[in-house]
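Since the structure comes first, as structure tokens, the remarks are kept for the end.
Any read-out appearing in this document is the output of simple, stated calculations on the displayed coordinates, not a laboratory observation. Because the structure is predicted, anything quoted here is derived from the model rather than measured. For neighbour counting, all protein chains shown are included, and Cβ atoms are generated from backbone atoms with ideal geometry for every residue, glycine included.
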């Protein structure tokens, strides 16, 4: 994977870079695995904005992803495809019974690659199996949080977690964020690293490119009116907040803890915040 730069024939082109699409093997997705996707513009069923800075963008279809593959399958990669709904590439795979699936592609997948799912299989790249069957030190992705629910963790481009230890029915994983946490050894994971490793190094370069992604502009609170933001208002002089930074709804943003799901604290061995310096 490489990053492609543009010839600087305009001011935006001078900064802009894009991903190398050489890994992609087809431009046509599989019709039976497509679903319509309506643009909600960040609004809920009452028309209220619940996610800010969303709207517009190009039309797209949703690819029906399979995060929970049945056991004892031998899968062959038919195509590597671009997916507009995620940062990673996806693989169109076919099992021994002729059934097609879309799965997350990893860095080792190419057209014709074969891999297996199940417990009693060899530990190879792309294989999917319970954590109890994976050797300590292996890098994994698409990890289940609850056995049987399907992959929920480590699905973004270039992400991987390392299996650190296995004891007392739990596997200890070092997550991409730096967090060390436990999950049951019966949870499944795939071996390898998610594809499109260079995704984080791409420079958007032009405002229109971000708009085509459906991302609208973000405006600072200090330039808003007082009715719209706690930082807003003033007499047109020097814009200073005068109080601690906060969200549009008045919640503190620096050093204020927002974690609510305390019941999973016992599964976190080391927080991703530990050891960080401001």
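Once you place label points 7 Å from the Cα toward the Cβ at residue 228 and residue 6, how far apart are they in nm?
Going from the residue 228 label point to the residue 6 one covers 2.9 nm.
Once you order the gyration tensor axes a ≥ b ≥ c over the Cα atoms, which shape class does segment 159-234 get: rounded for a/c under 1.5, otherwise prolate or oblate by comparing a/b with b/c?
On the way: a/c = 4.23, a/b = 1.98, b/c = 2.14.
Judged from the Cα gyration tensor, segment 159-234 comes out oblate (a/c at least 1.5, b/c at or above a/b).
Which ordering of 52, 246 is given by a fewest-first count of other beta-carbon atoms within 10 Å? Could you put the intermediate results ahead of the total?
On the way: 52 11, 246 17.
Ascending number of Cβ neighbours within 10 Å: 52, 246.
Across 5 Å bins from the origin, how do the percents of Cα pairs in segment 1-143 run, short distances first?
Here the calculated profile for segment 1-143 is 2, 8, 14, 15, 15, 14, 12, 10, 7, 3, 1, 0.
Once you wrap a convex hull around the alpha carbon atoms of the chain, what is its projected area averaged over all directions, in nm²? Please report the intermediate quantities before stating the final value.
Numbers: hull surface 77.7 nm².
Computing the convex hull of the Cα atoms and averaging its projections yields 19.4 nm².
Need the full-extension length gain, residue 215 to residue 164, defined as separation in residues times 0.36 nm minus the C-alpha distance. One decimal, nm.
Values: separation 51, 0.36 × 51 = 18.36 nm, distance 3.77 nm.
Gain on stretching residue 215 to residue 164: 14.6 nm.
With only alpha-carbon atoms in the gyration tensor, what are the semi-axes of the equivalent ellipsoid for segment 143-192, in Å, largest first? Mind dumping the intermediate values first?
Values: eigenvalues 53, 37, 14 Å².
In descending order, the three semi-axes are 16, 14, 8 Å.
Could you put 272, 257 in order, starting from the residue whose Cβ has the fewest other Cβ atoms within 10 Å? Could the numbers behind the result be given before it?
On the way: 272 14, 257 7.
The fewest-first ordering by Cβ neighbours comes to 257, 272.
For labels at residue 243 and residue 78 in the simple 7 Å Cα→Cβ model, what's the distance in nm?
5.9 nm
May I ask for the Rg/Rh ratio of segment 223-278, computed from Cα atoms with Rh as the Kirkwood radius, given to two decimals? Spell out each step's value before the answer.
Working: Rg = 16.8 Å, Rh = 14.3 Å.
Here the Rg-to-Rh quotient is 1.17.
Using Cα pairs under 8 angstrom and six or more residues apart, how large is the relative contact order of segment 223-278, in percent? The partial results should precede the final answer.
Values: 36 pairs, mean separation 11.2, N = 56.
Relative contact order, segment 223-278: 20 percent.
Just report the Cα centroid separation between segment 130-175 and segment 42-60, whole Å.
First find each Cα centre; the distance between them is then 33 Å.
Cut-off is 10 Å between beta-carbons; in what order do 51, 202 appear when sorted fewest neighbours first?
Starting with the residue having the fewest Cβ neighbours, the order is 51, 202.
Counting alpha carbon pairs within less than 8 Å and at least 6 residues apart, what relative contact order, in whole percent, applies to segment 49-206?
Working: 353 pairs, mean separation 34.1, N = 158.
It comes to 22 percent, rounded to a whole number.
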